[in-house]
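Data block below; observations after.
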Amino acid sequence: MKLLLTTLTIATLAVTPFAYTADPAGNISQAIKVGSDYGITHFTSIEFEGSGRMEIEGWIDQDWHVELETGAGSPDLVHEEREKRLNGTWGMTADDLLLYTKAAAEAGIVDIEEVKINRRDRIEVEGDDARGRDLEVYFQRGNQEPVKVSRDD
C-alpha cells in the first residue's frame, strides 16, 4: 500500500512540474520581477498559464499600459504589447500583490492561477485549494480580510 501511494505521489509530481504550489508568493515574486524590470509600477493582472508561462499587465507610466508574456518556464519575454491610454495609472503595486496573495493563501489558495484588480479596487485571486478545487478569493483594496470566498465543490 505504501508503495502504491508513493508511486502515485511521484507520478502526480512528475506530471505537474510547473504547478504553482507550496510557494505562491515565490511565483508572484518572479512575475513582479519580470514586470518591474520592464518598468511596470502598477500591475492590473498576472496570470499563470500552463507549462510555466506568465501574462503580466500593468502601467509603465501615466499613459502606457503594457501586456507581457513570458515563455514556458522562462522569465524571457516572448510577446509584449503597449497601448497608449488616457485614463491614467491604476492597479496594484508590487507590495499590494504580495500582501493580497499572502492573504489569499491564508484563505486556502495553494495554487495561484490569476491575480487581478478592477477600477473599483476589487481584487480577485483565483486558484486551487489543497484538494485541487477551484477557489476564488475577493478583497476590497485596503482590507486583507476577504469580502467573498467562492469554492467549486
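Would the range 34-41 turn up any residue that is modelled with pLDDT under 95 and small (Gly, Ala, Ser)? No, because not a single residue in the range 34-41 is modelled with pLDDT under 95 and small (Gly, Ala, Ser). Could you look through the range 98-121, keep only residues that are under 15 Å from HIS42 (Cα atoms) and touching a residue at least 24 places away in the same chain (Cβ under 8 Å), and pick out the one that is surrounded by the most Cβ atoms within 10 Å (Cβ to Cβ)? Only one residue tops the list, namely VAL115. Determine which single condition THR89 fails, assuming it passes every other condition in (1) among the β-branched types (Val, Ile, Thr); (2) in a loop (DSSP other than H, G, I, E, B); (3) surrounded by 17 or more Cβ atoms within 10 Å (Cβ to Cβ). So THR89 meets the others, but not (3). Of all the listed residues (ILE123, ILE112), the sole one being under 15 Å from the mean Cα position of the chain (by Cα) and under 27 Å from GLY88 (Cα atoms) is ILE123.
The values are calculated or read from the model by the stated rules, or taken from the named source; none is laboratory data. Everything quoted here is computed from the prediction, not taken from an experiment. Every residue, glycine as well, gets a Cβ built from its backbone with ideal geometry; the counts of neighbours run over all protein chains shown.
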